[in-house]
Every structure is written in structure tokens, then in C-alpha cells.
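These notes are about the structure you will find just below.
No lab work stands behind these numbers, since they all come straight from the coordinates. Nothing here was measured: the structure is a model prediction, and the numbers come from that model. Neighbour counts are summed over all protein chains in view; Cβ atoms, including those assigned to glycine, are modelled from backbone coordinates with ideal geometry.
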Amino acid sequence: MLENYKVITVTHKRINLKDIGNFVVKPGPESSLKEQLEDMKTVFGFNELMYVATCNRVMYFFHSDEQLDKNFTARFFNYVNPDLSAHWKENVEEVTFTYQGHYALKHLFDVAASIDSLVIGERQILGQLREAYEQCREWGLTGDNIRLVMNQAVIAAKSVYSNTQIGDKSVSVVSLAIQKLLNANVAKDARILVVGAGQTNQLMAKFLAKHQFNKVAVFNRTIAKAEQVAGLVEGDAHSLDHLYSYQEGFDCMVVCTAVKDPIITKGLYQNLLNGDTDRKVLIDLAIPHNVEAGVLDEFPVQYIEIEGLRSLAQDNLTARENEVVNAQAILENYLEEFPILYKQRQLELAMRRVPTEIKAVKSKAINEVFAKEVGLLDEQTKELIERMMAYMEKKCIGIPMKAARETFL
Ligand SMILES: NC(=O)c1ccc[n+]([C@@H]2O[C@H](COP(=O)([O-])OP(=O)(O)OC[C@H]3O[C@@H](n4cnc5c(N)ncnc54)[C@H](OP(=O)(O)O)[C@@H]3O)[C@@H](O)[C@H]2O)c1
């Protein structure tokens, strides 16, 4: 029954990300995640269960005839987290979404197609969903009902990703910065100075490596972090002080530190140029900017700065949001199709025993009911009867399936 599909979920829409942890299953030293989910399935009498936990959501997708109401949700989360604080116990209804039947399916499809995501169009969620399903399937927690709906959700989500522009434009400042760098036709062996080794430049280094830039020097106050970031792109690590005496030249500079005053001053920039007069690409991702304004006035540079990238990211996010309506229309088609697929599968399951039963009837007719008469026949007639019965058997198997399809679908 479609009504037996149910969802209990806590997401970024109603709770701070840091608080989602209160509603996830926490494996302890005594029992693994698999064991805890197996217990949950037994305790609540779920036929099937899929568990999905990402940094933005925790979702319990299950198949059960249990009624989803306020009491059930409270009982459920008391079980999930016996240490749930009084505050969360009181507010569990306010922070939880529960869905059943069509709405449970719709929610799963929305998640798969990333229209329920914190950042709409982040297709990473589809991979996370598939991994979670695969894991629960391997653990024997899911069965035919969840398999069917997951198949359809994946097909629907793929159709959204390929027939809309929901995930096309980047909304990450760092990836937009890299796109600008690529558009500036910077050679793969360009000398790139990375100044700062915080979270932003760590991501930057990963992108530089992905795009095969191979002459990167990383400068940072804490050398250990410079080494770590340089390691991501097979570059050299230097202390920030070394920047003031660095004479190897450069073609491009990526600056991003939490220093409040510009650290790339005119004087430092001139030293770093070491007589070079070519135009350089300067990426400044810091707020406030790390590059002194005078550098832009006095030297030929292509300046890529964070505010411009942020506004581009915002425009791209708006473009993604505008695609939601198209995504919903696609998902609706796949949702409408699902009850038919579901019935078809139920029929297949019900009809699975038909061939065996028909075979048994045939065998009984020949070997028991008409055994005496058949025994009196000559070999040629016996063979003819066998062939006729085999023909009948083959034809009969398809008849109930065809009739059921015509009647119910
Ligand atoms: N995180 C984001 O989402 C994001 C996105 C875009 C831009 N930004 C901007 O990027 C800048 C850095 O962000 P982040 O997330 O990468 O920061 P982070 O992870 O905290 O790293 C801070 C970086 O600044 C360096 N630093 C801090 N104080 C310094 C000082 N007094 N002298 C020299 N170096 C110093 C740190 O060096 P040590 O390793 O030695 O501490 C480290 O390399 C900020 O301006 C932020 O607004 C952040």
C-alpha cells in the first residue's frame, strides 16, 4: 500500500545544522549503526527502513502500517536518542516533518532532485541518498517497496538534473574564482602564489590540483598549515615572512587571510614582481581585502575579488531557485507514474506462483488423473499429448497476467 510509505525527518528548514545531531542514530561501543537500525526496525515493526544522515538532514524513510502521529514521533525520537533534552522533547513536533503516502514519496523525490536542499541544485545529495540506500539494502533493512521507490526517485532526479539548469551555475565563491582563472587562460605551469592556508585557500588548492596547475607556492603564518595546503597541490610551502624576500616571480596570486589590513602592499607587490612588468591575475578572497588598493592603480592586473564573486554566486543561486518550478513539473510526472509501477510490481509478485501451479496441474493430469488412459496409448500419441500439454502450459501462463493487467492497470 502506498499509504505505508512514511518519512520522519529533521532538516535545515526548521533547525540549526548543529542541532540536527540530537535526532540522529549514534552508534555506541555496545552496538553498531547496523545493529541499532535493526533494533529500531523490530521495535517499531517497520517492514523496511532506510536511514539517511547528511550535515543538513536526517531522514527515516520507512514502510509500515503504523499511524504517524504526535505520540509516535515523540516515542520514536525518545528511542533514537534516550538523552534528548527536555527542550527538544517539548519541541520535537515543531522541528520534525512527517509525511506519509504520496507526500512521503514526494518528499523523497524532492530530496533526490535537491530542491529540498540548503543550496538548491547541489546534486551531491543524490549520491548521498544512493549510498545510504545501498548501505541499508546491504544490511537487509530495505526490501522491494523501498527498492521500487528509490529506483523511481533516482530516475526522476536524473531527469531534473539533465532537463533543467538547476545545478548548472556554480554558487561557490571558490569554484567561481577558479572559473575566472581558467577564463583568463592562465597556463597550467603558471607560477601561482597562494597566500594564507585557511579553509578557503585549502579549497582553492584542491581546485588548483583538480585543474592540474603545477607550480604553486603556499605562504602562511603557521608553516605546518602551509605544508598541508601545499601537499594538496604538490606545491612548495613557505612561512609568510618568506614572502617579503621571495624573488622567484609569479604569474598569478591567490590571497586569502583573516588579516584586517592589506598585506599585499604596493611595496611588497613591487618586490614580488622583481622587475617583471607583465599583467598578473590577482585573486583576493578576503574580507576586508588583502590587496592594497594602490596595487590595482599602479600595476597591470586582472583583479578578481570576493564581492564580485559573491554577487555572481547570488545571481546563480537565484537562477537555480527559478528552476525549481520546472523541476517540480518533471517530478510530478514521475510521481504520477509511481502508483502504476507499484501495482504492476504487486501483480508480478502475486503472479510469480502461476507457472509452478500450472506445471503442477499438467503433471497431475498426466501422471495421476489420466495416468491409466495415457498408459494405454501408443508412443506417438503419448508424444503428441505431451506436446499439446506443453503448448497449453506455455500459453496459459500469460493469460492471468494479461487479464490482471487489463483489469487493474
Ligand atoms: N570560510 C568562508 O566561507 C570564506 C569564503 C570566502 C572568503 N572568506 C574570507 O577569507 C578570509 C579567510 O577565511 P578562511 O575561512 O580561510 O579563514 P581561516 O580558515 O580561519 O584561516 C585564516 C587564515 O588567515 C591567517 N591569519 C589570520 N590572522 C593572521 C595574522 N594576524 N597574520 C597572518 N596570517 C593570519 C591564518 O593563518 P594561520 O594558519 O597561521 O592561523 C589562516 O591562513 C576571511 O577574510 C574570510 O572573510 C571566507
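Can you tell me the order of 368-376, 98-106 when each peptide is scored by its average per-residue count of other Cβ atoms within 10 angstrom, highest first?
Per-residue Cβ counts within 10 Å, averaged per peptide and sorted highest first, yield 98-106, 368-376.
Can you give the FRET efficiency for residue 293 and residue 322, using 1/(1 + (r/R0)^6), R0 = 35 Å, r = Cβ-Cβ distance, to the nearest 0.05?
Numbers: r = 36 Å, r/R0 = 1.02.
For residue 293 and residue 322, the calculated efficiency is 0.45.
At what distance in nm do the modelled label points of residue 377 and residue 44 sit from each other, each positioned 7 Å from its Cα along Cα→Cβ?
Using points 7 Å along Cα→Cβ, the separation is 5.9 nm.
I'd like the Karplus ³J(HN,Hα) series for segment 266-279: coefficients 6.51, -1.76, 1.60, θ = phi - 60°, whole numbers in Hz, and an x wherever there's a Gly or Pro.
Those phi angles translate into 4, x, 5, 4, 4, 4, 5, 5, 6, x, 5, 10, 5, 6 Hz.
At 0.36 nm per residue, minus the direct Cα-Cα distance, what do residue 18 and residue 388 gain on full extension? Give it in nm, one decimal, please.
Gain on stretching residue 18 to residue 388: 126.1 nm.
How many nm is it between the label spots at residue 78 and residue 337, if each spot is 7 Å from the Cα in line with the beta carbon?
It is 4.4 nm.
Less than 18 Å apart at the alpha-carbon level, and either on another chain or at least 8 residues along: which lysines does that give for residue 280?
Output for residue 280: 180, 188, 215, 266.
Could I get the Rg over Rh figure for segment 173-316? Both from C-alpha atoms, Rh via Kirkwood, rounded to two places.
Computed over Cα atoms, the ratio is 0.92.
Taking the simple approach of a point 7 Å from Cα along Cα-to-Cβ for both residue 361 and residue 55, what is their distance in nm?
So the two model labels end up 6.2 nm from each other.
At R0 = 30 Å, how high is the FRET efficiency between residue 165 and residue 211 if r is their beta carbon distance? Nearest 0.05 is fine.
Working: r = 23 Å, r/R0 = 0.76.
Computed FRET efficiency for residue 165 and residue 211: 0.85.
When the gyration tensor of segment 353-408 is built from Cα positions, what are the square roots of 5 times its three eigenvalues, in whole Å, from largest to smallest?
Listed largest to smallest, the semi-axes of segment 353-408 are 28, 12, 7 Å.
Can you grab the distance from the C-alpha centre of segment 76-128 to the C-alpha centre of segment 294-351, Å, no decimals?
19
Under a Cβ-only charge scheme (Lys and Arg +1, Asp and Glu -1), can you give me the dipole magnitude of segment 353-408 about the Cα centre, in debye to the nearest 20?
That gives segment 353-408 a dipole magnitude of about 360 debye.
How much mean residue ellipticity at 222 nm does the chain get from its helices, if each DSSP H run of length 4 or more adds -39500 (n - 2.57) and you divide by all residues, to the nearest 500 deg cm²/dmol?
On the way: 16 runs with 218 residues, N = 409.
It lands at -17000 deg cm²/dmol.
Return a single number: how many Lys pairs in segment 310-409, at a sequence separation of 8 or more or on separate chains, have alpha-carbon atoms below 16 angstrom apart.
So the count of such lysine pairs works out to 11.
Starting from the exponent 0.38 and prefactor 2.2 Å, build the expected Rg for the chain from its residue count and divide its actual Cα Rg by it. Let's see the in-between values first.
On the way: Rg = 31.8 Å, N = 409, 2.2 N^0.38 = 21.6 Å.
Taking the Cα Rg and dividing by 2.2 N^0.38 Å, one obtains 1.47.
For the chain, modelled as a GNM with alpha-carbon contacts under 10 angstrom, which of 387, 137, 310 fluctuates the most?
In the Gaussian network model the winner is 387.
Given the alpha-carbon gyration tensor of segment 185-266, what are the semi-axes of its equivalent ellipsoid in whole angstrom, ordered largest first, with each equal to the square root of 5 times an eigenvalue? The partial results should precede the final answer.
Values: eigenvalues 65, 42, 28 Å².
Calculated on Cα positions only, the semi-axes equal 18, 15, 12 Å.
Only four residue types carry charge here, +1 at the Cβ of Lys and Arg and -1 at the Cβ of Asp and Glu. Report the dipole size of the chain about the Cα centre in Debye, rounded to the nearest 20. Present the calculation step by step, with values, prior to reporting the outcome.
Working: 46 positive and 54 negative charges, 170 e Å.
Using only the charged Cβ atoms, the result is roughly 820 debye.
For a footprinting-style exposure proxy, rank 331, 193 by other Cβ within 10 Å, fewest first.
Going from sparsest to densest Cβ surroundings: 331, 193.
Quote to one decimal, in nm, the extra length available between residue 183 and residue 119 on full extension: 0.36 nm per residue of separation minus the C-alpha distance between them. Mind dumping the intermediate values first?
Details: separation 64, 0.36 × 64 = 23.04 nm, distance 2.50 nm.
Computed gain between residue 183 and residue 119 is 20.5 nm.
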